[in-house]
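A.B. asks: Before I ask anything, let me first share the structure, which is written out below as structure tokens.
The values are calculated or read from the model by the stated rules, or taken from the named source; none is laboratory data. Because the structure is a prediction, the values reported are computed rather than measured. Glycine gets a Cβ as well: all are built from the backbone with ideal geometry, and neighbour counts include every protein chain shown.
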Amino acid sequence: MSQTYDPTEFMGNADTHSGVTNAKLGVWLFLASEIMLFATLFTSYIVLRMVSTSWPWGWDALNVPLATLNTVILISSSVTIVMAYAKAYDKNKSGFQLWMAATVLLSLGFLVVKAFEYGHEFALGIGPHTSVFYAIYFTMTGLHGIHILGGIAVNGGLLYMSTQKEHWEHPLFLGRVEGAGLYWHFVDIVWIFLFPALYLL
Amino acid sequence: MSHDDHGHGHHELTFWEKYVFSVDHKVIGLQYLITSFIFLLVGFGLMGLMRWQLAFPGTPIPFFGHLFPADLAPNGVMSGEFYNALGAMHGTIMVFLGVVPLAVGAYGNYVLPLQIGAPDMAFPRMNMMSYWTYLPGGILMLSSFLMPGGAAQSGWTSYPPLSIINPGQTMWLLSMVILITSSLLGAINFLVTTINMRAPGMSLWRMPVFCWAQFVTSVLLLLAFPPLEAASVLQLMDRVFHTSFYMPKDLVILGKAYMGSGGGQPLLWQHLFWFLAHPEVYVLVLPPMGIVAEIIANNTRKPLHGYKTLVFSMIAIGVMSFMVWAHHMFISGMSPALGNFFLVTTMIISVPSVAILTCLIFSLKGGSIRYNLPMAYALAFLPLFGIGGLTGLPLGLTVTDIYLHDTYYVIGHFHFVVVTGSIIALMGGTYYWFPKWYGRKMNDTLGWIHFWGTTTSMTGIFLPMLFMGLAGASRRLYDPTAQLHNLPVQGWNVVSTISAYCLGVFQLPFIYNFFNSMWRGEKTPENPWQATTLEWACPSPPPHGNFEKTPVVYRGPYEYSVPGRKTDFWMQTDKN
């Protein structure tokens, strides 16, 4: 009865029916559900905007330069996480740590900029209750911000794990970095849709 | 791929690891089974209180009436708010905490890995997490009765603006977000397991129909639940941060202007909700169909009629179910042109549903049928689910739906599908797989009492609803005698209520039988039903890791009565 099997044996094993490891397939399926989540919000945005009598222009209502800065920050972080993956692939520990730390710092930078943006709006007495535009703006960017926080937790966790020999040399480590990278790219892509939809259009 | 060729991990599991925080899909499946049966009982109890009010409005509830606080039930007579809360919670508990966890969490978890020959789920710890988010979510949902203002009162559909004004809704939304997370974890796990962890030789077209049903169901859960999660977040924002996603402009509530900005769309919620909730109906129905297919193939001792037709129909249902949602909204004020589109898609989706039922009925033809308990449930499923399906057609046509939509006919139709359809099949599944779970058989006599009592009283509850609905009796009403047009059919309400209480009584033999047979039931061999599928090719109950050796699959799932063989079944694992 106490016979147990090691699930990690299956997760890292790409010799599966689909040729993809369980973990990677799981991340992709998770992203599929995330796409449905954000697609619903974008659909709500379109519907609310279509029926609304007045809809402010992003340039008037929001801080476009700060958001542009944030776009640059996020896209850079996508590059750095790919570099981190490449270094992990080459078993270059210090290189991995450098690029992963850069990714985490950039994502923290994104949140700091976002905090300034929110802070400015709150100082003007603007909140989610102000209008439907601000409601959808705060909800979508807020939910995206939570996803950024999740990404920081995962990426920071991987950074910490890389300092420990058992984790760094674990056969699944590379797969974990890849999964984190897939997720991080997704978070990035959501912002790339959010930015024009809320700020520019 | 085999689990037994490495030596580590052989420590004795503690009680907590074995029964509470277990990562074994079989233990988690049974945890789901018992929990969801309890939730079904709770949801049934709430309905029992409502049924008293519907049959005998204004009279004190017997026995329990005085146990409730005076603001809910003054002098033991149910108040309108309490009735609304019970209605909302009955629907929510039955759908999200009862039938779905039972159909997917319990049967899927236990049977799917066994049927495809996997040692466990792809992500065992995630599987455990799925259960341990489901249970707190369910407890949170129930605890909302104790909150100030009581539980949610806006129906399980939670239509705004009512849901945003009514008390109790915040807890409902929070628990829904938790429950959705749980089912997402489960869905990802099921899909990865089915795609990646099949035993050698188990090609997709050798999977039993039950596995296909779980697979399609998991796709629906994966893609349909996130929209409700997003919609719930928006409603939560409306309630907590006073946004106006669903609140129209210049709304006046009880003489006071609504505090939010307005400018939102109440209809948006309905669209988002039904975009989930229609696929959800198929989540409720597909796994039971899979169970019925397993039982029928096993007890007719012949291959299923149209295995591929069944599978393709399930896939077609899965795809189409994302395109029919607005047939719940024909009278909501949405554009009639849109209504025509959804009328057409609704008629189209009925084709694969009928194909499935037809295949199952044709499977009986020419079989040497064994009339055992599981088969009785499967045979009861066919006509009763058929009534449920056919009564749905007038609701899918805009013209007839306008008359029927706000009547008891809708409730009768839905319950015929989900109760006499899904729940009957799920109960049959319990009798069918019980020998696998515990190595023992459930008692036959008690089982037959349960079977006849349950099917008869279920029909007694829901058939009157169809009659009442056709006569025009309005649904959702706290006091059905308050309106003149409901009075001529009030007698049917009494019939329905008495049948409901009978249904409750007839569950007692089932509960006793279940727990008694766990320890004292007649012992059964590994394959008591002489079935062909893989779950019967391992010990009962299967040990951790399921199969002693990774099984190899040589043929399709339903090789019964193959000419020239000594036995009338040919297991998927038997080479010769």
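A.B. asks: Go over the candidates B:Val410, B:Val354 one by one and state the one that is farther than 30 Å from B:Gln530 by Cα, aliphatic (A, V, I, L, M) and part of a helix (DSSP H, G or I). Let's see the steps before the verdict.
C.D. replies: On the way: B:Val354 fails: farther than 30 Å from B:Gln530 by Cα.
Only one candidate qualifies: B:Val410.
A.B. asks: Would you please list the contacts, defined by Cβ atoms under 9 Å and residues six or more apart or on different chains, that run from a residue in the range B:253-266 that is more than 7 Å from chain A (Cβ to nearest Cβ) to a residue that is assigned to a strand (DSSP E or B) and modelled with pLDDT of 80 or more?
C.D. replies: Going by the 9 Å Cβ cut-off, the qualifying pairs are B:Tyr258/B:Val252.
A.B. asks: Given the criterion touching a His at 6+ places or on another chain (Cβ under 6 Å) and either in a helix (DSSP H, G or I) or not polar (S, T, N, Q) (or both), identify the matching residue among B:Leu40, B:Leu46. Reasoning before the result, please.
C.D. replies: On the way: B:Leu40 fails: touching a His at 6+ places or on another chain (Cβ under 6 Å).
Matching residue, one of B:Leu40, B:Leu46: B:Leu46.
A.B. asks: If you don't mind, there's one more thing I want to ask. State which residue is farthest from A:His17 (Cα to Cα) when the search covers only the range B:195-209 and only residues that are more than 9 Å from chain A (Cβ to nearest Cβ) and not hydrophobic (A, V, I, L, M, F, W, C).
C.D. replies: In the first step, residues of the range B:195-209 are kept if they are more than 9 Å from chain A (Cβ to nearest Cβ); the result is B:199-201, B:205-209.
Keeping just the survivors that are not hydrophobic (A, V, I, L, M, F, W, C) gives B:200-201, B:206, B:208.
Values: B:Pro200: 9, B:Gly201: 10, B:Arg206: 14, B:Pro208: 17 Å.
Per the stated criteria, the residue is B:Pro208.
A.B. asks: Here is a further query. Could you look through the range B:236-252, keep only residues that are within 11 Å of chain A (Cβ to nearest Cβ) and either in a helix (DSSP H, G or I) or in contact with a strand residue (DSSP E or B) (Cβ under 7 Å, 6 or more places away or on another chain) (or both), and pick out the one that is surrounded by the fewest Cβ atoms within 10 Å (Cβ to Cβ)? Talk me through it step by step, then tell me what you get.
C.D. replies: Going residue by residue through the range B:236-252, those that are within 11 Å of chain A (Cβ to nearest Cβ) are B:236-238, B:240-249.
If we keep only those that are either in a helix (DSSP H, G or I) or in contact with a strand residue (DSSP E or B) (Cβ under 7 Å, 6 or more places away or on another chain) (or both) as well, we get B:236-238, B:240.
Numbers: B:Leu236: 21, B:Met237: 22, B:Asp238: 26, B:Val240: 12.
Result: B:Val240.
A.B. asks: So, in the range B:509-562, how many residues would count as being of a type in the set (A, V, I, L, M, F, W, C), in a loop (DSSP other than H, G, I, E, B) and in contact (Cβ under 8 Å) with a residue 40 or more places away in the chain? Outline the logic, then answer.
C.D. replies: Initial filter on the range B:509-562 (of a type in the set (A, V, I, L, M, F, W, C)): B:510-511, B:514-515, B:518-519, B:529, B:531, B:534, B:536-538, B:547, B:552-553, B:562.
Pick out the ones that are also in a loop (DSSP other than H, G, I, E, B) and you get B:529, B:531, B:538, B:547, B:552-553, B:562.
With in contact (Cβ under 8 Å) with a residue 40 or more places away in the chain added as a condition, the list becomes B:529, B:531, B:538, B:547, B:552-553.
Residues flagged as of a type in the set (A, V, I, L, M, F, W, C), in a loop (DSSP other than H, G, I, E, B) and in contact (Cβ under 8 Å) with a residue 40 or more places away in the chain within the range B:509-562 amount to 6.
A.B. asks: If you don't mind, there's one more thing I want to ask. Can you pull out every residue in the range A:31-79 that is part of a loop (DSSP other than H, G, I, E, B) and either in contact with a Leu (Cβ under 9 Å, 6 or more places away or on another chain) or of a type in the set (D, E, K, R) (or both)? Even if it seems obvious, please write down each step before you answer.
C.D. replies: Restricting attention to the range A:31-79, the residues satisfying the condition of being part of a loop (DSSP other than H, G, I, E, B) are A:52-57, A:62-63.
A:Trp55, A:Pro56, A:Trp57, A:Leu62 - these are the residues of the range A:31-79 that are part of a loop (DSSP other than H, G, I, E, B) and either in contact with a Leu (Cβ under 9 Å, 6 or more places away or on another chain) or of a type in the set (D, E, K, R) (or both).
A.B. asks: Scanning for something touching a helix residue (DSSP H, G or I) at 6+ places or on another chain (Cβ under 8 Å) and modelled with pLDDT under 85, does the range A:18-36 turn up at least one residue?
C.D. replies: Yes, there is a match, as at least one residue in the range A:18-36 is touching a helix residue (DSSP H, G or I) at 6+ places or on another chain (Cβ under 8 Å) and modelled with pLDDT under 85.
A.B. asks: Here's a follow-up. Any residue at all in the range B:421-433 that's farther than 25 Å from B:Asn516 by Cβ and surrounded by 15 or more Cβ atoms within 10 Å (Cβ to Cβ)?
C.D. replies: Yes; the residues of the range B:421-433 include at least one that is farther than 25 Å from B:Asn516 by Cβ and surrounded by 15 or more Cβ atoms within 10 Å (Cβ to Cβ).
Yes/no matrix, rows are residues, columns are (1) surrounded by fewer than 18 Cβ atoms within 10 Å (Cβ to Cβ); (2) touching a helix residue (DSSP H, G or I) at 6+ places or on another chain (Cβ under 8 Å); (3) among the aromatic types (Phe, Trp, Tyr):
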| position | (1), (2), (3) |
| --- | --- |
| B:Val20 | yes, no, no |
| B:Ile28 | no, yes, no |
| B:Gln31 | no, yes, no |
| B:Thr35 | no, yes, no |
| B:Leu40 | no, yes, no |
| B:Leu49 | no, yes, no |
| B:Phe56 | yes, yes, yes |
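A.B. asks: If B:Leu222 meets every condition in (1) within 14 Å of chain A (Cβ to nearest Cβ); (2) surrounded by fewer than 23 Cβ atoms within 10 Å (Cβ to Cβ); (3) at pLDDT below 95 apart from one, which number is that one?
C.D. replies: Answer for B:Leu222: the failing condition is (3).
A.B. asks: Okay, next question. When only residues in the range A:24-58 that are touching a Gly at 6+ places or on another chain (Cβ under 7 Å) and at the interface with another protein chain (Cβ under 8 Å from one of its Cβ atoms) count, which is nearest to B:Asn196 (Cα to Cα)?
C.D. replies: As a first pass, look at the range A:24-58 and keep what is touching a Gly at 6+ places or on another chain (Cβ under 7 Å): A:24, A:27, A:48, A:52.
When the remaining residues are screened for being at the interface with another protein chain (Cβ under 8 Å from one of its Cβ atoms), the result is A:48, A:52.
Details: A:Leu48: 41, A:Ser52: 47 Å.
Checking each candidate, the answer is A:Leu48.
A.B. asks: Could you please let me know if B:Pro551 is over 28 Å from the mean Cα position of the chain (by Cα) and closer than 24 Å to B:Lys308 by Cβ?
C.D. replies: Working: over 28 Å from the mean Cα position of the chain (by Cα): yes; closer than 24 Å to B:Lys308 by Cβ: yes.
Yes, satisfied.
A.B. asks: Another question, then. Just checking: which of the helices (runs of 4 or more DSSP H) contained wholly in the range A:88-174 hold 1 or more residues that are away from chain B (no Cβ under 13 Å), within 29 Å of A:Thr68 (Cβ to Cβ) and at pLDDT 95 or above? Show your work before the answer.
C.D. replies: Values: elements: A:93-123, A:132-162, A:165-168.
By residue number, A:93-123, A:132-162.
A.B. asks: Here are some conditions: (1) facing chain A (nearest Cβ under 9 Å); (2) surrounded by 24 or more Cβ atoms within 10 Å (Cβ to Cβ). B:Leu191 meets all but one. Which one does it not meet?
C.D. replies: Failed condition: (2).
A.B. asks: Moving on. Can you tell me which residue within the range A:157-175, out of those that are under 17 Å from A:Leu105 (Cβ atoms) and without any contact (Cβ under 8 Å) to a residue 12 or more places away in the chain, is farthest from the chain's Cα centre (by Cα)?
C.D. replies: It comes out as A:Tyr160.
Here's the yes/no breakdown for (1) assigned to a helix (DSSP H, G or I); (2) not aliphatic (A, V, I, L, M):
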site	(1), (2)
B:Leu426	yes, no
B:Gly447	yes, yes
B:Asp479	no, yes
B:His485	yes, yes
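Conditions tested, residue by residue: (1) part of a helix (DSSP H, G or I); (2) farther than 30 Å from B:Pro528 by Cα.
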residue	(1), (2)
B:Thr217	yes, no
B:Leu234	yes, yes
B:Leu267	yes, yes
B:His278	yes, yes
B:Val292	yes, no
B:Lys302	no, no
B:Ala326	yes, yes
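A.B. asks: Looking at the range B:152-163 only, could you name the residues that are in contact with a Ser or Thr (Cβ under 7 Å, 6 or more places away or on another chain) and surrounded by fewer than 24 Cβ atoms within 10 Å (Cβ to Cβ)? Reasoning before the result, please.
C.D. replies: Applying the first criterion (in contact with a Ser or Thr (Cβ under 7 Å, 6 or more places away or on another chain)) to the range B:152-163 yields B:152, B:154, B:156, B:162-163.
Across the range B:152-163, the qualifying residues are B:Ser154, B:Trp156, B:Leu162.
A.B. asks: Return yes when B:Gly460 is of a type outside the set (D, E, K, R), at negative phi and buried (at least 18 other Cβ atoms within 10 Å of the Cβ) and no when it is not. Outline the logic, then answer.
C.D. replies: Numbers: of a type outside the set (D, E, K, R): yes; at negative phi: yes; buried (at least 18 other Cβ atoms within 10 Å of the Cβ): no.
Spelling it out, it is not the case that B:Gly460 is of a type outside the set (D, E, K, R), at negative phi and buried (at least 18 other Cβ atoms within 10 Å of the Cβ).
A.B. asks: Using beta carbons and a limit of 7 Å, which pairs, at least six apart or on different chains, have the first residue in the range B:164-186 and buried (at least 23 other Cβ atoms within 10 Å of the Cβ) and assigned to a helix (DSSP H, G or I) and the second one of a type in the set (Lys, Arg) and modelled with pLDDT under 95?
C.D. replies: Between residues of the range B:164-186 that are buried (at least 23 other Cβ atoms within 10 Å of the Cβ) and assigned to a helix (DSSP H, G or I) and residues that are of a type in the set (Lys, Arg) and modelled with pLDDT under 95, the close pairs are B:Ile164/B:Arg239; B:Gln169/B:Arg239.
A.B. asks: Here's a follow-up. Run A:Ile189 past the list (1) within 14 Å of another protein chain (Cβ to nearest Cβ); (2) of a type in the set (Val, Ile, Thr); (3) under 20 Å from A:Phe38 (Cα atoms) and report the number of the one that doesn't hold.
C.D. replies: Checking A:Ile189 against (1) within 14 Å of another protein chain (Cβ to nearest Cβ); (2) of a type in the set (Val, Ile, Thr); (3) under 20 Å from A:Phe38 (Cα atoms), the one that fails is (1).
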